[in-house]
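Here's the structure, in structure tokens; my notes come after.
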Amino acid sequence: MKTELAIKEAQLNSRIEDDFITGADVLIEALVNQDVDTVFGYPGGAVLPIYDALHKSDASFNHILCRHEQGLIHAAEGYARTTGKAGVVIATSGPGATNLITGITDAMMDSLPVVCFTGQVSSAVIGTDAFQEADVIGLTTPITKYNYQVSDIKDLPRIVREAFHIATTGRPGPVVVDIPKNIAQEVVTETFDTDFHLPGYQPTVNPNPLQIKRVMNALKTAKKPVILAGAGVQFAQGSEELKEFAEKHKVPVTTTLLGLGTFPGTHEQSLGMAGMHGSYAANMAIYESDFLINIGARFDDRLTGAIKHFAPEAKVAHIDIDPAEIGKNIETHIPVVGDAKEALKRMLNSPVECDDHSEWYQAVMENKADSSFWYERSDDLISPQWLIEQIYEETNGEAIVTTDVGQHQMWTAQFYKLDQPNRFVTSGGLGTMGFGLPAALGAQLGDRDATVVAIVGDGGFQMTMQEMQTLKHYNLSVKVVIVNNEALGMVRQWQEEFYEERYSESLLDQNPDFVKLAEAFGAEAFQVKSENKVRETLKSAFEHDGPALIDARIVKLDLVFPMVAPGKGNHEMIGVKPCGE
Amino acid sequence: MRRIITATVQNSSGVLNRVTGLLSRRGFNIESITVGETEIEGISKITFVVDVEEAQKVEQLTKQLHKQIDVLKVNDITDTNKVARELCLIKVVATPQSRSEINGIVEPFRARILDISKDSLIVEVTGKPDKIEAIIDLLTPYGIKELSRTGITAFTRGKQQKQVSDYQTLIV
Ligand SMILES: Cc1ncc(C[n+]2csc(CCOP(=O)(O)OP(=O)(O)O)c2C)c(N)n1
Ligand SMILES: [Mg+2]
């Protein structure tokens, strides 16, 4: 570390001698030092010095110009979710920064490592309602893991180091660095120490061995154990260990929405997703279990349903790197603070052998067999669930799949059975419409060779569709599938179920011509209306080198089932597969 | 359940805002808050009094505080052996006739009279909240014109110290 610093310092010194450098140069150098390969940015007045420095520099990273700052931040989230690295964003002050707010909140809810650099008006006029001034620190304090306003150029290298460290370690999350214009312009005449100093931030990685022992002892005697895996397993890169552990003890595994892929979806022990639109088998396993091991999930209300009915018989063990999540929503008997992978490794090393729980395992698997996700296939029109299955087959189940928010999101979660972690990119905690397309863009930039499919709704697509142009600009081969029901389908479903079919403002019979629209953006575009055309359309889209869009017209009134109605317990699912089918 | 919670924090800009924002966002009601520098440069101490119903909520509160990057240490000192003090300024209506009576109240509380004017005087009192409430009660009949309390600041006692009697803790 010291020598690395010394070298960097020497390099910087030589540059200072050559020609003067500014705060903006220092920032770019700091990004290079963090091995950043992609920056999602949009220029503006307060970041002009940074863009000028970028123009002059031979920085090794790509700058991606999205068409809206919301696009930047969701792209950074998609990049972060799939690569595990921090997504980096640059936006200007005022409206540039406020356009990021939704995505920063989304990243906070879903624990995504994102570092946003926002321009700010000059220090001298902060607080005077200057042109394009917004209180970025005030606005983002509740929605970031941490934020900084740079008040002295000497702090900048340290702050950048800290920002990346905070964003990517422990429970990941977004960090905002607000840089007043004068700081970016300031001429630098000396080098500064860049060691970081965070005495109040020391995430516990290694779990307490005693707590691990307690988990294993409880597992030993459990008659009805079940594992719930969340995104924490992905962040810890613990999927292998999870699989090994579950197989070793023959414990059924269910996941949260964000945990999809942490455990192979096609594995015989997999129960799929639990929760509001999760599988009956998963929800019943949790409901009846006597020992629930939560690994890296936060017991979100869409998962738990009515709390009083959640795992009423179970002893609960909760492994989480964020101690504040443990006991927040669900009473926990065995808290384990630590990294999921580290905990699983230790659990694997435990000599404890489980007592026989094969009867339970059998019963859970029978449930799974009897009540898999189901749908009524329409004769000619495209059933959305069937469409997702075709996408699955066309991509061998190996694509990076992003979704928007709504019915199509739940159908994707149910029917695209991911076997790999870090391949499912969706907005879980915040449920942000407009997420899917830019997230796919970011995911593709994280892995240029991957097949990336954005499965979006006709409503949500229209919230960020200008990012089609960004796909074209950088010739990214993202395939966009609009699951078009001419409706804000999820809203319509709730109105059908709970508001006596009063479809208040939820029908989209005035959609644009998505094919023409996509073509205007320079993408290859298709419309498909009948089942027998689906596979060939998918093939054409996937074969195309460059962005492609499919407007898939589905059965308009289809519903997402099964479902736990709001306020109900997870054992009270409606729309479970009819018997005997 | 009233809890006294102390947080040792790094004195970065906006730290108070972060902490109070966190508490209100998560639905905790702050009864009082005091903040000031400590013996270590750059380190401040915040003392909160919050009203929390369940033990689970208290735990959640301390965990959420602890999670803050600027927070170094969080202690719930409610049930520890501690010294907790608050300062209160009271402007009370005082005629020449009632002044000596008020004096008679002020003295046993070891309170002080800071200012006397024609029709009022200002009393400064320091102590545990119940002591402060007691003197407010006694002064209320004379007519309180203005009152300002700082909120509690508190420490745990050194280990060697013996428990002092109730009387002393109320008055001293
Ligand atoms: C930004 C935002 N606004 C509103 C909502 C509420 N909402 C949730 S799902 C949904 C409908 C989405 O419609 P569409 O994108 O067509 O997807 P579908 O449900 O039809 O598959 C709406 C409006 C939301 N989640 N996000
Ligand atoms: Mg729709």
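Pairs A:Lys479/A:Lys568; A:Lys328/A:Lys556; A:Lys145/A:Lys181; A:Lys341/A:Lys577; A:Lys308/A:Lys556: which exceed 30 Å Cα-Cα? Write out the running numbers ahead of the final one.
On the way: A:Lys479/A:Lys568 37 Å; A:Lys328/A:Lys556 39 Å; A:Lys145/A:Lys181 24 Å; A:Lys341/A:Lys577 35 Å; A:Lys308/A:Lys556 35 Å.
Over 30 Å Cα-Cα: A:Lys479/A:Lys568; A:Lys328/A:Lys556; A:Lys341/A:Lys577; A:Lys308/A:Lys556.
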**Message:** With just the Cα atoms defining each centre, how far is segment B:1-46 from segment A:324-339? Give it in Å.
**Reply:** 24
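For the residues A:Met109, A:Met573, what sequence is obtained by ranking on other C-beta atoms within 10 Å, fewest first?
Numbers: A:Met109 20, A:Met573 23.
Exposure proxy ranking, most exposed first: A:Met109, A:Met573.
Can you compute the FRET efficiency between A:His544 and A:Glu496 using 1/(1 + (r/R0)^6), with r the Cβ-Cβ distance and R0 = 35 Å? Round to the nearest 0.05. Display every interim value, and only then the final one.
Values: r = 37 Å, r/R0 = 1.05.
Computed FRET efficiency for A:His544 and A:Glu496 comes out at 0.45.
List the trypsin sites (Lys or Arg not before Pro) within segment A:420-511 that DSSP assigns to loop and that have no more than 13 neighbouring Cβ atoms inside 10 Å. Let's see the in-between values first.
Working: sites: A:Arg423, A:Arg448, A:Lys472, A:Lys479, A:Arg492, A:Arg502; in loops: A:Arg423, A:Arg448, A:Arg502.
Listed in order of number, the matching sites are A:Arg448, A:Arg502.
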**Message:** Give me the percent relative contact order of segment A:394-456, please, defined on Cα pairs under 8 angstrom at least 6 residues apart.
**Reply:** 49
**chain A - percent relative contact order, Cα under 8 Å, separation 6 or more** = 14
**Request:** Report the antiparallel proportion of the DSSP beta bridges in segment A:384-560 as a percent, rounded to a multiple of 5.
**Result:** 5
**Estimated distance in nm for a label pair at B:Lys145 and A:Ala59, the labels positioned 7 Å out from Cα along Cα-to-Cβ** = 6.3
**Message:** What FRET efficiency comes out for B:Val83 versus A:Leu198 if R0 is 41 angstrom and r is the Cβ-Cβ distance? Round to the nearest 0.05.
**Reply:** 0.85
**Fill in**
Proxy exposure order for A:Trp374, A:Trp360, A:Trp411 (fewest C-beta within 10 Å first) is A:Trp374, A:Trp360, A:Trp411
**Complete:** Here FRET efficiency (C-beta to C-beta, B:Ile40 to A:Glu505, R₀ 41 Å, nearest 0.05) is 0.10
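Considering only DSSP beta bridges whose two residues both sit in chain A, what percent are antiparallel, to the nearest 5? Can you show the working numbers first?
Working: 5 of 71 bridges.
Here the share of antiparallel DSSP bridges comes out near 5 percent.
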**Prompt:** Straight-line reach from B:Lys91: which lysines have Cα under 21 Å away, leaving out those fewer than 8 places along the same chain?
**Reply:** B:Lys118, B:Lys128, B:Lys131, B:Lys145
**Prompt:** In deg cm²/dmol and to the nearest 500, what is the mean residue ellipticity at 222 nm of chain A if only DSSP H runs of at least 4 residues count, each as -39500 (n - 2.57), divided by the residue total?
**Reply:** -11000 deg cm²/dmol
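Give me A:Cys116, A:Cys354, B:Cys88, A:Cys66 sorted ascending by neighbouring Cβ count inside 10 Å, so fewest comes first. Write out the running numbers ahead of the final one.
Values: A:Cys116 31, A:Cys354 16, B:Cys88 21, A:Cys66 26.
Result, fewest neighbours first: A:Cys354, B:Cys88, A:Cys66, A:Cys116.
Could you work out the relative contact order of chain B, using alpha carbon pairs under 8 angstrom and six or more residues apart, expressed as a whole percent?
Numbers: 307 pairs, mean separation 44.5, N = 172.
With pairs under 8 Å counted, the relative contact order is 26 percent.
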**Asked** Based on DSSP H runs of at least 4 residues, each adding -39500 (n - 2.57), what is the mean residue ellipticity at 222 nm of chain B after dividing by all its residues, to the nearest 500 deg cm²/dmol?
**Response** -9000 deg cm²/dmol
**Asked** For the charge dipole of the protein assembly as shown, defined by +1 on Lys and Arg C-beta atoms and -1 on Asp and Glu C-beta atoms about the Cα centroid, which residue among A:Val88, B:Pro129, A:Ala454 has the Cα displaced farthest towards the positive pole?
**Response** B:Pro129
**Request:** Using only the alpha-carbon atoms of segment A:225-321, report the extent along each of the three principal axes, biggest first, to the nearest angstrom.
**Result:** 33, 24, 23
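Per Stokes-Einstein, at 20 °C and 1.002 mPa s, what whole-number D in µm² s⁻¹ belongs to the protein assembly as shown, with the Kirkwood radius over Cα pairs as the hydrodynamic radius?
Numbers: Rh = 28.8 Å.
Here the translational diffusion coefficient equals 74 µm²/s.
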**Asked** Which value results when the Cα radius of gyration for segment B:2-76 is divided by 2.2 N^0.38 Å?
**Response** 1.01
**Prompt:** Do any trypsin sites (Lys or Arg not before Pro) in segment A:239-309 lie in a DSSP loop with no more than 15 other beta carbon atoms within 10 Å, and if so, which?
**Reply:** A:Lys250
**Spin-label pair B:Arg25/A:Glu240, simplified geometry with 7 Å Cα→Cβ offset, distance in nm** = 3.7
**Prompt:** Of all the stretches in chain B, which is the longest one without any exposed loop site, taking GluC sites (Glu not before Pro) in a DSSP loop (any state but H, G, I, E, B) with at most 13 other Cβ atoms within 10 Å?
**Reply:** B:55-172
**Message:** From the gyration tensor of the Cα coordinates in segment B:83-154, what semi-axes in whole Å does the equivalent ellipsoid have, largest first, with each one equal to sqrt(5λ)?
**Reply:** 21, 11, 10
**Message:** I want to check the label-to-label distance for A:Arg377 and A:Lys516. Put each point 7 Å from Cα in the C-beta direction and report it in nm to one decimal.
**Reply:** 3.5
**Prompt:** How big is the gap, in Å, between the Cα center of segment A:138-168 and the Cα center of segment B:72-126?
**Reply:** 43
**Prompt:** Using alpha carbon centroids, what distance separates segment A:79-136 and segment A:503-548, in Å?
**Reply:** 33
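Here, each number is a calculation from the coordinates, and none is a lab measurement. For clarity, every value in this text was computed on a predicted model and none was experimentally measured. Cβ sites come from the backbone with ideal geometry, for glycine too, and all protein chains shown count toward neighbours.
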